[in-house]
Structures are given as C-alpha cells and as structure tokens.
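A short write-up of the structure that comes next.
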Amino acid sequence: MAELQAEWTVDDVAARFAEAAETAHKLPRVRPGGYFNPWMTLAMQVPERYPDPERLYRPMPPSPQAVERMLETMRWVQWLEVEQRHLVWMRANRYEWQQIGRRFACDRNTAARRWNKAISLVLLHLNHPHICRPKAMSLGG
C-alpha cells in the first residue's frame, strides 16, 4: 500500500520515481540459467587480490526496503497510460526534457506539461484513494 504520509506532493512522487529507477539499476543482472563456466572464476581470482583502481565496480545491491518501495512505485504506473508511463520513467532516469521531447515528438515544454499531468494523476490516486477506486463490477444475474 501507499506509504502512510499525510499529503503527497509533486516533489515526493518525483523523488520516489527517481529512487525506484536507481534501485532498478542496482538490481543484479538477469541471466539465463543452466550455463556455468569455471574458467572465468579461476581467471579472476588472482587479479581480485590486487584491485585495479580503474576497474568499474558494481554498486552494492539495494536494501529490501528500497526494493519494496520500488515495487510499490511500479504499481503506481498502472494508473497511467502507456505513453505517460514511458514519460515518467524517462524523467526518473534523468533524461533531459529536450531528449524526452524528441522521443515523444513534441517540444520540451510540452513534455514537461505532460509529465506534470501524469504526476498529478498519481497524486490524485495517492491523496484521494476513495475518489479513484475502480467501481465494483456487477455480476449479471
């Protein structure tokens, strides 16, 4: 469920989307199972004793709480249309407005307005869940 917060703001929601994107990048890579090559393990044992200062190291995996917040944030995008989802995630991944506008074939100001509209829709669902609940489907009988 949504974190117990008195009132969500645009900055809170944008920060949560940015945190979710960062957490997603920290997750371990998904690889096909069933393949095993012991040679790389043996070849990498000696150099690992002497760390290379220019080697790129993977960040520490995210905490379970960060993963829970990411999953909660990913449920929020279900309230948005597909184009809005792409827009929100591009901005969460720190794309510039000009790049986002190019992707959506619009001006950067238009992209920013569309992002504000999408974030406002998420805010509406978070701050007023009783208004946005889906209506119960009646069974024909």
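Brief remarks on what is shown
- Taking 0.36 nm per residue of separation and subtracting the current Cα-Cα distance, fully stretching the chain between residue 18 and residue 117 would add 33.9 nm.
- Between residue 131 and residue 82, the simple spin-label model (points 7 angstrom out along Cα→Cβ) gives 2.9 nm.
- Taking the number of Cβ atoms within 10 Å of each Cβ as an exposure proxy, the fewest-first ranking of 19, 68 is 68, 19.
- Theoretical FRET efficiency, 1/(1+(r/R0)^6), r = Cβ-Cβ of residue 102 and residue 6, R0 35 Å, to 0.05: 0.40
Each reported figure results from applying straightforward, stated rules to the coordinates on display, with no laboratory input. Quick caveat: nothing in here was measured; it's all calculated off a predicted structure. Every residue, glycine as well, gets a Cβ built from its backbone with ideal geometry; the counts of neighbours run over all protein chains shown.
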